[in-house]
Amino acid sequence: MAAIPSGTMGAPEACTVVIFGASGDLTKRKLVPALHSLAAAGQLPRNFSVVGYARSGLSNEEFRLRMRQAVSEYGSCTAGERSAWEKFAQDLVYVRGGFEEEGYRRLKETLAAIEGKSGSTKNRIFYLATPPGLYAPIMRQIAAAGLARKDQPGTGWTRVVIEKPFGKDLETARELGRQVHEAFDERQVYRIDHYLGKETVQNILVFRFANAVFEPIWNRRYVDHVQITAAESMGVEHRGGYYEKAGVIRDMFQNHLLQLLCLTAMEPPIAFTADAVRDEKVKVLRSVQPISPEEVDQVAVRGQYGHEKLGDNEVKAYREEDGVAPDSTRETYAAVKLLIENWRWEGVPFYLRSGKRLPKKITEIAIHFKQPPLLLFKACPIEKVSPNVLLLRIQPDEGISLTFEVKPPGSEICVNSLSLDFNYRGAFGAAPPEAYETLLLDCMRGDSTLFTRHDWVELAWFLMDPILRCWESKLPEDFPNYAAGSSGPRQADALIESDRRRWRQS
Ligand code: BG6
């Protein structure tokens, strides 16, 4: 059962997915393993093909072999999935090409041959699994080859999928938007944020709007504040070059964290349809109080991890990672306080934090409720009476828990915190599906609820730009300011403690 019901559920129509950047990392780690799992689960249409497009001179057989290895390495590969490979591989085709017309002509012929053989309509998804700098030239070539057709009833549809980053600030995001819209209508564009494909992220809306007990208290009267955390224990791994240009605000805040904020704070949509849900998310971003350049230092903190010895392991500092400048001022950690100025959330701070090389990988949303009056519990030390916290655990231990106060046995009236716990794997007996499986299937079905709309992208940059501009103009003098494996820079504690609150210790 999908968490967000869409109007277009069911098996997708026959279609072909063209992957640009077919020899790249995303194709082998995520896209082909996800498509193969869908095939093994019988969720793909009968007439379905994948066309890989890249520069390398590979035959169909060589491409299939590479993808076979990718599926064994990165797919889940149960016995059922292994036996599905042969059928899946028959419909994997490779086209060699770069930006020249010739390559796109070959692609067009290949698509015509596939569709001619199966007699299916021209339903095509162009997946741009390439560096973002190539989106515009590829889309221009798709259009020039006559492949960016507007949807016409009965003659097939065309969709294009792009991955973040959508620009590096508001101005470049606008420019990218213009380039995309030169070739495609907004309705044809599917912008992926893989967080939205996570089952537990989708569950936020079901949890909020399918239960009568939480929604009435989901507001400024009962909620003291909200903490959204996306902590990672890994460093930047092999992506130092990319990260030097990005940093955590562009990499995590402008997309994943703001999406989590919107799902937590949005009003109920009038229906679970793509535009109704996305309209509500846009309204949240429009209500976030913009941060002025003078305020940045009061509401945002940055950090960069330094070298540390963790057990027997020496952990490199960010500045020692491959592709990173030895005096880099790029932030690998940030904490930001945002206020939403609307009827529901007036005065309730949302604290967002994310960073690399923190103690554990944890993504969670913690709703901290207000403290009740404590006059009945004078015998109990005040620090023992904790306000209720509702915790939405996105990963890795997917689930939901609610802490509440109980009386421990004994003659004194005192309180202790306990928690009611729902665990996803325990309850459903399996790990949630991979985000890319959900998103690819939704794209084939034409359901863009879980994809990011262009107006949302622009608003998200509008909110993050002042922080980026301020930090890029005022270089940090104390980097590295947190040790690898620690819980971040002490300035982040000061940010929340100055409001007489504390970060949750996960
Ligand atoms: C990506 C970022 O979008 O999300 C990475 O580019 C980050 O830097 C990753 O590690 C986190 O995703 P997840 O699903 O592992 O939480």
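What is the angle, in °, between the Cα long axis of helix 435-445 and the longest principal axis of the Cα atoms in the chain? Nearest 10 is fine, range 0 to 90.
With both axes taken from Cα atoms, the answer is about 50 degrees.
Name the residue farthest towards the positive end of the dipole of the chain from the options G116, G410, Y127, assuming +1 on Cβ of Lys and Arg, -1 on Cβ of Asp and Glu, about the Cα centre.
G116
Highest mean first, how do 389-401, 451-463 rank when packing is the count of other Cβ atoms within 10 Å averaged over residues? Can you show the working numbers first?
Values: 389-401: 18.9, 451-463: 20.9.
Those peptides, ordered most packed to least, come out 451-463, 389-401.
Measure nothing but the geometry: give the 0 to 90° angle between the long axis through the Cα atoms of 135-144 and the longest principal axis through the Cα atoms of the chain, rounded to 10°.
30
Kindly provide the GluC sites (Glu not before Pro) of the stretch 30-119 that DSSP labels as loop, not H, G, I, E or B, and whose Cβ sees at most 10 other Cβ atoms within 10 Å.
E100
State, to one decimal in nm, how far the label point of R174 lies from the label point of Q152, with both points 7 Å from Cα in the Cβ direction.
Reported label-point gap for R174 and Q152 is 3.5 nm.
Which ³J(HN,Hα) values in Hz, rounded to whole numbers, follow from the phi angles of the stretch 173-187 under the Karplus curve 6.51 cos²θ - 1.76 cosθ + 1.60, where θ = phi - 60° and Gly and Pro get x?
5, 5, 4, 4, x, 4, 5, 4, 6, 5, 9, 10, 6, 3, 4
Just subtract the alpha-carbon distance of F209 and S83 from 0.36 nm times their residue separation and send over the number in nm, one decimal.
So the chain would gain 41.3 nm between F209 and S83.
Which of the aspartates and glutamates could be linked to K30 by a straight reach, that is with a Cα gap under 14 Å, when you skip same-chain ones fewer than 8 residues away?
Leaving aside aspartates and glutamates fewer than 8 places away in the same chain, those within reach of K30 are E73, E163, D193, E434, E437.
Can you give the charge dipole size of the stretch 213-356 about its Cα centre, rounded to the nearest 20 debye, using +1 on the beta carbon of Lys and Arg and -1 on the beta carbon of Asp and Glu?
320
Can you give the calculated 222 nm mean residue ellipticity of the chain, where each DSSP H run of n ≥ 4 adds -39,500 (n - 2.57) and the sum is split over every residue, rounded to the nearest 500 deg cm²/dmol?
Per the formula, -10000 deg cm²/dmol.
Contour minus end-to-end for A112 and E62, with contour as 0.36 nm per residue of separation and end-to-end as the Cα-Cα distance?
15.8 nm
Considering amide H positions built from the backbone, and no H for Pro or chain starts, which residues 5 or more places from D224, or on another chain, come under 5 Å of its amide H?
For D224, the qualifying residues are H368, F369, K370.
Which lysines have a Cα less than 22 Å from the Cα of K28, not counting those fewer than 8 places away in the same chain?
Cα-Cα hits under 22 Å: K87, K164, K198.
In whole Hz and in residue order, list the ³J(HN,Hα) couplings for the stretch 22-38 that follow from phi through the Karplus curve 6.51 cos²θ - 1.76 cosθ + 1.60, θ = phi - 60°; x for Gly and Pro.
3J(HN,Hα) across the stretch 22-38, in whole Hz: 5, 9, x, 5, 4, 4, 7, 7, 10, 5, 5, x, 5, 5, 5, 4, 5.
Using Cα positions and a limit of under 23 Å, work out the lysines in reach of K168, with same-chain residues fewer than 8 apart set aside.
K245, K281, K283, K337, K356, K474
Modelling each spin label as a point 7 Å along the Cα-to-Cβ direction, I'd like the N423/A276 distance in nm, to one decimal.
Output for this residue pair reads 3.6 nm.
Tell me which of P45, Q298, A366 sits at the most positive position along the dipole axis of the chain, charges placed on C-beta atoms (Lys, Arg +1; Asp, Glu -1).
P45
How big is the gap, in Å, between the Cα center of the stretch 307-347 and the Cα center of the stretch 176-254?
Distance between centres, Cα-based: 17 Å.
Treating only the Cβ atoms of Lys and Arg (+1) and Asp and Glu (-1) as charged, compute the dipole magnitude of the chain about its Cα centre; round to the nearest 20 debye. Don't skip to the answer; put the middle values down first.
Details: 65 positive and 66 negative charges, 145 e Å.
Magnitude of the dipole: close to 700 debye.
Explain nothing, just compute: Karplus ³J(HN,Hα) = 6.51 cos²θ - 1.76 cosθ + 1.60, θ = phi - 60°, for every residue of the stretch 332-337 in order, whole Hz, x for Gly and Pro.
10, 9, 8, 10, 9, 9
Once Lys and Arg get +1 and Asp and Glu get -1 on their Cβ, which of H194, A11, P480 lies farthest toward the positive end of the dipole of the chain?
A11
Rounded, prolate or oblate, given the Cα gyration tensor of the stretch 150-241, with a/c below 1.5 counting as rounded? Provide the component values of the computation, followed by the final result.
On the way: a/c = 2.25, a/b = 1.40, b/c = 1.60.
Note, shape of the stretch 150-241 comes out oblate.
Can you give the angle from 0 to 90° between the axis of helix 79-90 and the longest principal axis of the chain, with both taken from C-alpha atoms, to the nearest 10?
Once rounded, the angle reads 40 degrees.
Multiply the residue separation of A11 and L310 by 0.36 nm, subtract the distance between their alpha-carbon atoms, and state the gained length in nm to one decimal.
Values: separation 299, 0.36 × 299 = 107.64 nm, distance 4.88 nm.
Gain on stretching A11 to L310: 102.8 nm.
What relative contact order, as a whole-number percentage, does the chain give when Cα pairs under 8 Å and 6 or more residues apart are counted?
Numbers: 895 pairs, mean separation 90.8, N = 506.
For the chain, the relative contact order is 18 percent.
Name the GluC sites (Glu not before Pro) in the stretch 201-256 that are in a loop by DSSP and that have at most 13 other C-beta atoms within 10 Å, would you? Could the numbers behind the result be given before it?
Numbers: sites: E232, E237, E244; in loops: E232, E237.
Answer in residue order: E237.
For the stretch 326-360, which chymotrypsin sites (Phe, Trp or Tyr not before Pro) are in a loop by DSSP, counting at most 12 other Cβ atoms within 10 Å?
When the chymotrypsin sites (Phe, Trp or Tyr not before Pro) of the stretch 326-360 are filtered for loop state and at most 12 Cβ neighbours within 10 Å, W343 remain.
Taking amide H positions as placed in the peptide plane 1.01 Å from N, state which residues far from T158 in sequence (5 or more) or on other chains have amide H under 5 Å from it.
The list, which skips near neighbours in sequence, is R124, D151.
Just so you know, all these numbers are worked out from the coordinates, no wet-lab data involved. Please read these numbers as outputs of a predicted model, since none were measured by experiment. Here Cβ is always computed from backbone atoms with ideal geometry, including for glycine, and neighbour counts include all displayed protein chains.
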